[in-house]
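The values are calculated or read from the model by the stated rules, or taken from the named source; none is laboratory data. As the structure is a computational prediction, the values presented were derived from the model and not from experiment. Please note: Cβ atoms are built from the backbone with ideal geometry, for glycine as well, and neighbour counts cover all protein chains shown.
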Amino acid sequence: MQRLVATVQQLAVFPVKSLPGTAPHRVEVGADGLRGDRALVLVGPGGEVLTAKHHPGLRALDLTGPPEAPLVTAPGAAPGDLDAVARALGLDGPVRLELAAGGARQVAPVHVVTLAERAAPGAGDSSRANVVLDLPGEPGEPGEPAGAGAPAGALLRPEGADGPVLRLTRRPRHCAGVFADVLVPGVLRVGQRVLLEPGPHAPADGRAPGPAGAHG
C-alpha cells in the first residue's frame with residue numbers, strides 16, 4: 001500500500017459497556033486502548049452483566065463525570081441514582097457498577113473507522129468505534145470497493161509527533177472499520193493528521209473472530 005494521510009474526525013470513549021459514550025477532544029491511548037474505555041460494566045440484581053442485547057434501555061441512560069468515575073443517570077433522575085436506573089430498566093433489585101473482569105472489550109483495544117467506510121451501503125453499525133478518520137480519496141486495496149477504509153495490516157501514527165502507534169489488525173464481522181492493537185502509547189487529538197503506512201500483514205481473511213457487537 002502507499003502511505004496515506006488522514007485526519008482524526010472524532011474520538012469516542014465508552015466508560016461503561018453498552019451505555020452511551022463521550023466524545024473527548026483529546027485522549028490518552030495505552031496498551032489497553034483509549035483511557036477509560038469499556039473499563040466498567042453495569043451489574044444486575046443477580047450478579048449478571050447487563051448488556052444492550054438483553055436490556056436495550058441501557059442506550060437511553062446517560063453518563064456524566066470523568067470516564068474513570070462515571071455517574072450513570074436514568075432519564076429525569078439525579079446523576080448516579082442507581083435505584084432510578086434499575087427502575088428505568090424494569091429490574092426488581094439494585095444495580096451496581098463494577099470493574100470489567102479481564103476488561104470489557106472482547107476483541108481488540110481500539111476500533112477505527114473512516115467516514116466513507118461508515119457511510120457505505122451495507123456498512124452496518126459502527127457507532128461505537130473509538131477513532132473516526134477522514135481519509136480523502138479512500139483508494140482501498142486492489143479489488144476492494146471505494147470507501148473500503150483503512151487497510152488491515154497498516155500502521156497508524158500521528159504525523160510529525162510521537163505516538164501513539166496503532167497496528168490495524170482485522171475487520172469486524174458485522175460492522176465497518178478495522179480493529180487495532182496499540183504498539184506505542186500516546187495522545188490522540190481531534191483534528192490531528194495521522195499517517196497510514198505499510199506494516200505487518202493481518203490474517204489472510206482480514207476478519208475478526210468473535211460475535212457481533214463484541215466491542216460494544
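Structure notes:
- Some residue of segment 171-179 being surrounded by 15 or more Cβ atoms within 10 Å (Cβ to Cβ), in contact with a Leu (Cβ under 9 Å, 6 or more places away or on another chain) and modelled with pLDDT of 80 or more: yes
- Criterion violated by Pro79 - all others in (1) touching a strand residue (DSSP E or B) at 6+ places or on another chain (Cβ under 9 Å); (2) outside any loop (DSSP other than H, G, I, E, B); (3) not assigned by TED's automatic domain parsing to the domain that holds Arg173 satisfied: (2)
- Of all residues in segment 10-39, those that are surrounded by fewer than 16 Cβ atoms within 10 Å (Cβ to Cβ), part of a loop (DSSP other than H, G, I, E, B) and either under 10 Å from the mean Cα position of the chain (by Cα) or of a type in the set (Gly, Ala, Ser) (or both) total 2.
- Of all the criteria given as (1) buried (at least 21 other Cβ atoms within 10 Å of the Cβ); (2) at positive phi, the one not satisfied by Leu61 is (2).
- For Leu42, the criteria (1) in a strand (DSSP E or B); (2) exposed (fewer than 15 other Cβ atoms within 10 Å of the Cβ) hold in every case but one, which is (2).
- Among the numbered conditions (1) in contact with a strand residue (DSSP E or B) (Cβ under 9 Å, 6 or more places away or on another chain); (2) closer than 29 Å to Leu188 by Cα, the only one that Arg59 does not meet is (1).
- Cross-chain or 6+ apart pairs with Cβ under 6 Å, segment 129-142 first and assigned by TED's automatic domain parsing to the domain that holds Ala154 and among the small types (Gly, Ala, Ser), then buried (at least 24 other Cβ atoms within 10 Å of the Cβ) and at pLDDT 85 or above: Ala129/His111; Ala129/Val113; Ala129/Gly177
- Verdict on Ala123 being assigned by TED's automatic domain parsing to the domain that holds Gly177, surrounded by fewer than 16 Cβ atoms within 10 Å (Cβ to Cβ) and among the small types (Gly, Ala, Ser): no
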